[in-house]
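Colleague: Take a look at this one; I'll ask things after.
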Amino acid sequence: MAKFCPDTTAAQAQRRAFASQLLRLGYHQGEVIRRTRIEFQVGAQTVTKDLAALSDDWRKRSLEDITEVKSYQLCKLEEVQRVAWERFQKDERPTWLTIITKTIEIENRVHGLDSTQIVRLQVERAAKELAAEAGCTPEELMADAERIAAEHSEKVM
């Protein structure tokens, strides 16, 4: 028997729970819309809006889950890095520096930074510092660097 519910927050929650269950059972969207319309005596547009809201909710939850996993992994990496620094300060073995470098590389990947982005950021930061010391803008400094590099490459060839 069909459930008639006025379009209240409670009715909306019931429809969305019903539609969500059908989707989890593997029904395609058209069938979910048809069954939900019959069950709750609502229009296709209402069910379509419910499905869009469910999709948005699932997307937000998955992003929150990913963020939570990233945070957890970064905490573990920070601990490994902290221990490696402590041990390096005690015995200065290069192995500890290798571990530290690897953890930094992994952190950068988790944050979505690749090596070219990191190098670009480092060059930009260094250019700003050098430009400030030289009393010019970073753009002027980079233009001079490109000019010198071009002159050098002409001499080499």
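Colleague: How would you rank Trp58, Trp85, going from fewest to most other Cβ atoms within 10 Å of each one's own Cβ?
Modeller: Lowest count first: Trp58, Trp85.
Colleague: Still on this structure, I have one more. Ile118 to Glu68: FRET efficiency via 1/(1 + (r/R0)^6), r the Cβ-Cβ distance, R0 30 Å, to the nearest 0.05?
Modeller: Using R0 = 30 Å, I get an efficiency of 0.75.
Colleague: If you don't mind, another one. Helix 115-134 versus the longest principal axis of the chain: what angle, 0 to 90°, nearest 10, using Cα atoms?
Modeller: 50 degrees
Colleague: So for the chain, if I pair up every lysine 8 or more residues apart or on another chain, how many of those pairs have alpha-carbons under 23 Å apart? Let's see the in-between values first.
Modeller: Numbers: Lys3/Lys49; Lys49/Lys60; Lys60/Lys70; Lys70/Lys102; Lys76/Lys90; Lys76/Lys102; Lys90/Lys102.
Lysine pairs meeting the criterion: 7.
Colleague: Using a Gaussian network for the chain with springs between C-alpha atoms less than 10 Å apart, which of these wobbles most: Glu68, Glu86, Glu140?
Modeller: Glu140
Colleague: Can I ask one more? Given a Förster radius of 22 Å and the C-beta distance between Gln45 and Ala11 as r, what FRET efficiency does 1/(1 + (r/R0)^6) yield to the nearest 0.05?
Modeller: 0.90
We did not get these values from a lab; they are worked out from the coordinates using the rules stated. This structure is a prediction, so every number in the text was calculated from the model and none was measured. We place every Cβ from the backbone using ideal geometry, glycine too, and count neighbours over all the protein chains shown.
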